[in-house]
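Below: one structure, written as structure tokens.
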Amino acid sequence: QVQLVESGGGLVQAGGSLRLSCVASESTFSRYAMAWFRQAPGKEREFVARITWSTGNTYYADSVKGRFTISRDNAKNTVYLQMNALKREDTAVYYCAADRVGRGSFSPNAYDYWGQGTQVTVSD
């Protein structure tokens, strides 16, 4: 069972930046596709970004494209989400997730392991 621990959330003004980190408990992390999701109060969990394990290809939700960057450091068992030009509507709990078998999906149901989440709040 892989454990994922997120950090880096906080309160930031609109236009500011944050970098989220997600550390995995096992080195098998390097063979998993990883993703970030977010969930705002009263809304469903939504896809934010994904990175494959082999080629490092990245995919983004339209709402964050050009502002957010997902990356990974397999030597550190860590995936990152660099968030720039933050907007109030980016406020949510952000979760990292691992896809063990490479389903290539953006649905939360396709991910096997989840972190506990980290709160990101963007103020005006």
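Assorted remarks:
- Residue within region 41-60 that is open to solvent by less than 60 Å² (accessible area, probe 1.4 Å), at pLDDT 95 or above, closer than 25 Å to residue 124 by Cα and not in a strand (DSSP E or B) present: no
- Qualifying position, being aromatic (Phe, Trp, Tyr) and open to solvent by 80 Å² or more (accessible area, probe 1.4 Å), among 37, 29, 106: 106
- Picking from residues in region 90-102 that are touching a residue at least 12 places away in the same chain (Cβ under 8 Å) and outside any strand (DSSP E or B), the one that is nearest to residue 30 (Cα to Cα) is 100.
- Considering residues of region 72-103 that are farther than 19 Å from residue 2 by Cβ and of a type in the set (Gly, Ala, Ser) only, the residue farthest from the chain's Cα centre (by Cα): 85
- Hits in region 61-71 - residues which are among the charged types (D, E, K, R) and surrounded by 14 or more Cβ atoms within 10 Å (Cβ to Cβ): 67
- Flag for residue 19 being within 16 Å of residue 91 (Cα to Cα), touching a Gly at 6+ places or on another chain (Cβ under 9 Å), modelled with pLDDT of 95 or more and in a strand (DSSP E or B): yes
- For region 109-124, the set of residues classified as part of a loop (DSSP other than H, G, I, E, B), of a type outside the set (Phe, Trp, Tyr) and open to solvent by less than 20 Å² (accessible area, probe 1.4 Å) consists of 115, 117, listed by residue number.
- The residue that is nearest to residue 42 (Cα to Cα), counting only those in region 72-99 that are surrounded by 14 or more Cβ atoms within 10 Å (Cβ to Cβ) and basic (Lys, Arg), is 87.
- Of 40, 33, 24, all but one fail to be farther than 19 Å from residue 1 by Cβ and among the hydrophobic types (A, V, I, L, M, F, W, C); the exception is 40.
The values are calculated or read from the model by the stated rules, or taken from the named source; none is laboratory data. Keep in mind that this is a model prediction, so the values were computed, not measured. Because the Cβ atoms are built from the backbone with ideal geometry, glycine has one as well, and the counts that use them run over all protein chains shown. When the accessible area is computed, the model is the full protein with side chains, heavy atoms only, and any ligands, DNA or RNA have been set aside. Shrake-Rupley method; radii C 1.70, N 1.55, O 1.52, S 1.80 Å.
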